[in-house]
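Undergrad: I have a structure here, written as structure tokens, and I will follow up with some questions on it.
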Amino acid sequence: MTRPYRLLTNTLADNPKSWLVTGAAGFIGSHLVQHLLQLNQRVVGLDNYSTGRKENIDSIRDAVGSTAFSRFDMLRGDITQMEDCVRACKGVDYVLHQAALGSVPRSIAFPQQTHAANVTGFVHMTQAAHEAQVRRLVYASSSSVYGDHPSVEKVESRVGKPLSPYAATKRANEDWATAVSSTVGLSMVGLRYFNVVGTRQNRKGAYVTVIPRWLDHMIHRRQPEIYGDGANSRDYCPVANVVEANLLAATTPNVSPGDIYNVALGQRTTLDQLFGLLQQALGAHGISCAHVTPHYTAPRPGDMAHSLANLERITEGIGYQPCHPLIDTIHEIVKETVETLATKAHSPSIHLQSTNRNTPERTP
Ligand SMILES: NC(=O)c1ccc[n+]([C@@H]2O[C@H](COP(=O)([O-])OP(=O)(O)OC[C@H]3O[C@@H](n4cnc5c(N)ncnc54)[C@H](O)[C@@H]3O)[C@@H](O)[C@H]2O)c1
């Protein structure tokens, strides 16, 4: 049987639409833009480049070619400014709202900025989308809304108390979406992303996520820090699956106020297992770090011990099937990382480390 997503891509390619992707210069947003352009769609991007990067836009152009890229209009703007949201929504069929400030630690350190982007910005986007009469707004929520709910497997209807300001902003988005859909009739679907992984994740700064941070350490023979004892687990979701979920959610015919779906792979990977997968992938790309061991430290405030998505609702509701496996994505990330580091520095240190397998390990 043909996958629902395959059927959708055929329909879209024959009947192109206009899409707004907010957070287009970011990790997930840039993959959405690239995929939509490859499907012959017209795309507007909106970003203030607070965590997004121009290199991600350059990578989109390299991947799709100049003809497809000419269907892309990238706007610099801020969702905390209503006029930027109005400008971006003009003439758009679907909005995929990704712009937000991620990271639990950042939300604890900078709650006002997080609230402004994630809550005020969200309210502006729903208002602008409603005024522009878009067909639907799909927005990025997060598995963090499950908070302290004790069950390992997360089911959409059962959430606990938020464990961080970031989680509270995503929870607020979901409540706002339900209220706006049922009052003004804007069609909205929320997607609770679990830990999304893929190329173009930010590799710099204080709020780098686990894979880029560990890879940097492992390549330079430093011990990556694992919060907790390594047994904590996550449902790491390749970004290609997230792209598919967004397009399915945008175009599925029947939605109700408050519709919300888990988006994940549906598999648990412990932090120790993830470390092992990265070690193997680096080895396959010529960088031996077999002697690098993790450094275990205390769990971070606001982190959940385990999370695994139940995918029944999204499978039944919109025909989502996570077809892209974790291991392939890990190899793509490692390849991107190794290539970037090598070209940037003509990296003598990396060359040295990849060829000299007896180099002693350094501790941080
Ligand atoms: N990556 C994950 O694992 C994950 C998990 C759960 C939820 N999410 C959510 O998915 C969305 C995308 O996350 P990502 O990982 O691609 O993060 P990202 O930081 O790479 O992308 C977010 C983008 O939004 C932009 N942005 C931030 N504030 C803005 C503002 N005020 N105006 C305009 N643009 C702004 C940033 O510059 C960036 O390009 C976010 O809403 C995030 O909360 C991500």
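Undergrad: I want to confirm something. Restricting to the stretch 255-295 and keeping residues that are within 26 Å of V180 (Cβ to Cβ) and modelled with pLDDT under 95, which single residue is nearest to the chain's Cα centre (by Cα)?
TA: Restricting attention to the stretch 255-295, the residues satisfying the condition of being within 26 Å of V180 (Cβ to Cβ) are 255-264.
Checking which are modelled with pLDDT under 95 leaves us with 255-258.
On the way: V255: 23, S256: 24, P257: 24, G258: 21 Å.
Checked the stretch 255-295; the qualifying residue nearest to the chain's Cα centre (by Cα) is G258.
Undergrad: While we're on this one: Restrict the check to the stretch 260-272 and report whether at least one residue is farther than 18 Å from Y5 by Cα and assigned to a helix (DSSP H, G or I).
TA: Yes, because at least one residue in the stretch 260-272 is farther than 18 Å from Y5 by Cα and assigned to a helix (DSSP H, G or I).
Undergrad: What number goes with the only condition from (1) surrounded by fewer than 20 Cβ atoms within 10 Å (Cβ to Cβ); (2) in a helix (DSSP H, G or I) that L248 does not pass?
TA: (1)
Undergrad: Turning to a different aspect of this structure: Give the stretch 304-317 a look and list any residue that's surrounded by fewer than 16 Cβ atoms within 10 Å (Cβ to Cβ) and in a loop (DSSP other than H, G, I, E, B), or say none.
TA: If the condition is that a residue be surrounded by fewer than 16 Cβ atoms within 10 Å (Cβ to Cβ) and in a loop (DSSP other than H, G, I, E, B), then A305 is the only one that fits.
Undergrad: Scanning for something away from the ligand (no atom under 16 Å from the Cβ), surrounded by 20 or more Cβ atoms within 10 Å (Cβ to Cβ) and either among the aliphatic types (A, V, I, L, M) or without any contact (Cβ under 8 Å) to a residue 12 or more places away in the chain (or both), does the stretch 162-172 turn up at least one residue?
TA: For the stretch 162-172, residues away from the ligand (no atom under 16 Å from the Cβ), surrounded by 20 or more Cβ atoms within 10 Å (Cβ to Cβ) and either among the aliphatic types (A, V, I, L, M) or without any contact (Cβ under 8 Å) to a residue 12 or more places away in the chain (or both): absent.
Undergrad: Related question: Need the failing condition index for V152 against (1) buried (at least 18 other Cβ atoms within 10 Å of the Cβ); (2) closer than 29 Å to P301 by Cβ; (3) touching a residue at least 40 places away in the same chain (Cβ under 8 Å), just the number.
TA: For V152, the failing item is (1).
To keep it simple, each residue is scored yes or no on (1) under 19 Å from the mean Cα position of the chain (by Cα); (2) closer than 27 Å to S144 by Cβ.
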site	(1), (2)
N15	no, no
H31	yes, yes
L37	yes, no
N56	yes, yes
F72	no, no
A100	yes, yes
V104	yes, yes
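Undergrad: For the stretch 127-159, give me the residue count where each residue is more than 14 Å from the ligand (Cβ to nearest atom) and either of a type in the set (D, E, K, R) or at pLDDT 95 or above (or both). Can you show your working first?
TA: Within the stretch 127-159, the subset more than 14 Å from the ligand (Cβ to nearest atom) is 127, 129-136, 148-153, 155-159.
Now narrow it down to the ones that are either of a type in the set (D, E, K, R) or at pLDDT 95 or above (or both): 127, 129-136, 148, 153, 155-159.
So the answer is 16.
Undergrad: Just one of the numbered conditions (1) over 20 Å from the mean Cα position of the chain (by Cα); (2) not assigned by TED's automatic domain parsing to the domain that holds Y94 is not true of T252; which one?
TA: (2)
Undergrad: Something else about it: Does any residue of the stretch 196-207 turn out to be touching a residue at least 40 places away in the same chain (Cβ under 8 Å), in contact with an Asp or Glu (Cβ under 8 Å, 6 or more places away or on another chain) and of a type in the set (G, A, S)?
TA: Yes, the stretch 196-207 contains a residue that is touching a residue at least 40 places away in the same chain (Cβ under 8 Å), in contact with an Asp or Glu (Cβ under 8 Å, 6 or more places away or on another chain) and of a type in the set (G, A, S).
Undergrad: Restricting attention to the stretch 69-91, does a residue exist that is surrounded by fewer than 23 Cβ atoms within 10 Å (Cβ to Cβ) and within 23 Å of G258 (Cβ to Cβ)? Lay out the reasoning, then the answer.
TA: At the first step, the residues of the stretch 69-91 found to be surrounded by fewer than 23 Cβ atoms within 10 Å (Cβ to Cβ) are 69-78, 80-84, 86-87, 90-91.
Still in the running and within 23 Å of G258 (Cβ to Cβ): none.
No; the residues of the stretch 69-91 include none that is surrounded by fewer than 23 Cβ atoms within 10 Å (Cβ to Cβ) and within 23 Å of G258 (Cβ to Cβ).
Undergrad: Right, something else. Out of Y236, Y207, Y193, which single residue is within 24 Å of L7 (Cβ to Cβ) and touching a helix residue (DSSP H, G or I) at 6+ places or on another chain (Cβ under 7 Å)? Give the derivation first.
TA: Working: Y236 fails: within 24 Å of L7 (Cβ to Cβ); Y207 fails: within 24 Å of L7 (Cβ to Cβ).
Selected residue: Y193, the only one of Y236, Y207, Y193 that is within 24 Å of L7 (Cβ to Cβ) and touching a helix residue (DSSP H, G or I) at 6+ places or on another chain (Cβ under 7 Å).
Undergrad: Moving on. Among the listed residues R300, R313, identify the single one that is under 18 Å from P224 (Cα atoms) and among the basic types (K, R).
TA: On the way: R313 fails: under 18 Å from P224 (Cα atoms).
That would be R300, the only listed residue that is under 18 Å from P224 (Cα atoms) and among the basic types (K, R).
Undergrad: I need the full set of residues from the stretch 25-59 which are hydrophobic (A, V, I, L, M, F, W, C) and within 21 Å of C89 (Cβ to Cβ), in order please.
TA: A25, I28, L32, V33, L36, L37, L39, V43, V44, L46, I57 - these are the residues of the stretch 25-59 that are hydrophobic (A, V, I, L, M, F, W, C) and within 21 Å of C89 (Cβ to Cβ).
Undergrad: Can you say whether A140 is buried (at least 16 other Cβ atoms within 10 Å of the Cβ) and in a strand (DSSP E or B), as far as the supplied structure shows? Break it down into steps so the answer makes sense when it comes.
TA: Details: buried (at least 16 other Cβ atoms within 10 Å of the Cβ): yes; in a strand (DSSP E or B): yes.
Answer is yes for this residue.
The values are calculated or read from the model by the stated rules, or taken from the named source; none is laboratory data. Note that the coordinates shown come from a computational prediction; the quantities given were computed from them, not determined experimentally. For neighbour counting, all protein chains shown are included, and Cβ atoms are generated from backbone atoms with ideal geometry for every residue, glycine included.
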